[in-house]
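Below is one structure, written out as structure tokens, with a few remarks after it.
The values are calculated or read from the model by the stated rules, or taken from the named source; none is laboratory data. What you are looking at is a predicted structure, and each value in this text was computed from that prediction instead of being measured. Cβ placement follows ideal geometry from the backbone for every residue including glycine, while neighbour counts extend to all protein chains displayed.
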Amino acid sequence: MTLTFKFPSEVRTDAKGNQILVNFYNYCLAFTGCWITIDWSGLNYMDANLSALLLAMTYKLKKERDLKFFLNYQDLKGPLNVFWRNGLAHHIYKTNKKTIDERESTIPIKAFKVADVDSFVNYIEKELLKHRGSDAIKFSDKEKVKNSYFEIFNNYEIHSKTDLPLIACGQLFPKQNELKFTLVDMGVGFLKNIKEYTKSTDKITDAVDAISWAIKGNSTKTDASGGTGLKKILFYCIKNNGKFHIISDDCYWQYDESISHTKINNPFIGATIHLIFKYS
Amino acid sequence: MTTINIAQLIGTPNAIIQKFGLQVFEETKNVIAKGDNVELYFGDLSNTTTGFFHASIGNLFKNYGNRFNTLITVSGIEKKEDWKEKFEEAINLVENPKQATEIDSAISKLFE
């Protein structure tokens, strides 16, 4: 029997795109110890930063369900060639080759453990901010962008409660002056910690309220004050036409000029954060 | 006066996680408990986060209150524009946890 999950024609960094990837994950969860074809024959476009989420899903499925994945080389042509250049295809095929991006628009996919502080900093400073494609970003903006990612790494270290890695991937769109960057952790997500912490105060019981509570600057930390990291990122997005998406539990929360949220059916674990920065 | 070189203490110039802030908090307390004052030297750091400042400076201010300024001095913090801001924010959050800032006002409007 050949197991195949067919992707639709487009997957973008939004609630619909997230649900498509979650549907792929849930399809695979039904099987163990076999090959599954990721069928991209009908896929015309997918945001390359979403590679972080796709790799997190396949990593977990390989580890826990002993699944193996097949991608047809023929499908990785034209606009989908980006998945060679950012390293996703190398991870799927296990080629162990170093990613080479002659067009220099991708920020390659990479996984980090909590202890990999210097490696994460090096990735953000060298792969992202010294990338030729990001030359147009002003120094002061680069510092703010960099700090935003470090704040998220700190949140991952404190809150995710997992040994599974944090996975990062980005894509620069030079014509649109836009940088899309995604960080995926496979930890406990926002709701579990916040529900426990607020059980005698704010009594948060759903993911929308949990994310809103965190973004307003509240924190479950008990050994220090804080909680200002996420709200600073949101403030920077408000001031600089940025977009900020947080996906955790069954909520796709997004700031895109205004706040909205979408319910996710049968969600993936942990938390996914997309930051989309515009620069002039 | 004992100088604590933060980068040397935490073993990296990247003070971006809370754990490193807690290390600074504990080491500073140990020195003060022995009767000495502390100079915290930031100059060999390259990166910091608010989480690091809350766990180090925020906790020290919470612990020593008004004695903070006589027991602890800081140097090298002028290396980056936003470090002093994060330092002051960590102290303000302990002094006035409910004080609304410009950021809070902007975010509150989004939820109206």
Considering B:Phe87, B:Phe52, B:Phe68, which residue is part of a helix (DSSP H, G or I) and at the interface with another protein chain (Cβ under 9 Å from one of its Cβ atoms)? B:Phe52
Residue in region B:83-112 that is modelled with the lowest pLDDT, counting only those that are under 24 Å from B:Glu26 (Cα atoms) and exposed (fewer than 15 other Cβ atoms within 10 Å of the Cβ): B:Pro97
A:Thr205 being of a type in the set (S, T, N, Q) and out of contact with any helix residue (DSSP H, G or I) (no Cβ under 7 Å at 6 or more places or on another chain): no
Scan region A:240-277 for residues that are under 18 Å from the mean Cα position of the chain (by Cα) and modelled with pLDDT under 90 and jot them down. A:Phe277
Could you list, in sequence order, all residues of region A:115-133 that are surrounded by 19 or more Cβ atoms within 10 Å (Cβ to Cβ) and more than 18 Å from A:Asn49 (Cα to Cα)? A:Val117, A:Val121
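Yes or no: B:Thr28 assigned to a helix (DSSP H, G or I), crowded, with 16+ Cβ neighbours inside 10 Å, at negative phi and more than 10 Å from every other protein chain (Cβ to nearest Cβ)? Let's see the steps before the verdict.
Numbers: assigned to a helix (DSSP H, G or I): yes; crowded, with 16+ Cβ neighbours inside 10 Å: yes; at negative phi: yes; more than 10 Å from every other protein chain (Cβ to nearest Cβ): yes.
Spelling it out, B:Thr28 is indeed assigned to a helix (DSSP H, G or I), crowded, with 16+ Cβ neighbours inside 10 Å, at negative phi and more than 10 Å from every other protein chain (Cβ to nearest Cβ).
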Conditions first: (1) assigned to a strand (DSSP E or B); (2) within 9 Å of chain B (Cβ to nearest Cβ). A:Phe244 passes all but one, so which condition is the exception? (2)
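Does A:Thr262 qualify as being in a loop (DSSP other than H, G, I, E, B) and touching a residue at least 60 places away in the same chain (Cβ under 8 Å)?
Spelling it out, it is not the case that A:Thr262 is in a loop (DSSP other than H, G, I, E, B) and touching a residue at least 60 places away in the same chain (Cβ under 8 Å).
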Please give the number of the condition A:Thr13 fails out of (1) in a loop (DSSP other than H, G, I, E, B); (2) surrounded by fewer than 15 Cβ atoms within 10 Å (Cβ to Cβ); (3) under 20 Å from the mean Cα position of the chain (by Cα); (4) not small (Gly, Ala, Ser). (2)
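This table checks each residue for (1) buried (at least 22 other Cβ atoms within 10 Å of the Cβ); (2) of a type in the set (Lys, Arg).
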{"position": "A:Leu183", "(1), (2)": "yes, no"}
{"position": "A:Lys192", "(1), (2)": "no, yes"}
{"position": "A:Lys203", "(1), (2)": "no, yes"}
{"position": "A:Ile238", "(1), (2)": "no, no"}
{"position": "A:Phe244", "(1), (2)": "yes, no"}
{"position": "A:Ile264", "(1), (2)": "no, no"}
{"position": "A:Phe268", "(1), (2)": "yes, no"}
{"position": "A:Thr272", "(1), (2)": "yes, no"}
Would you mind listing the helices (runs of 4 or more DSSP H) fully within region A:147-239 where at least 1 residues are more than 12 Å from every other protein chain (Cβ to nearest Cβ) and at pLDDT 90 or above? A:189-197, A:207-215
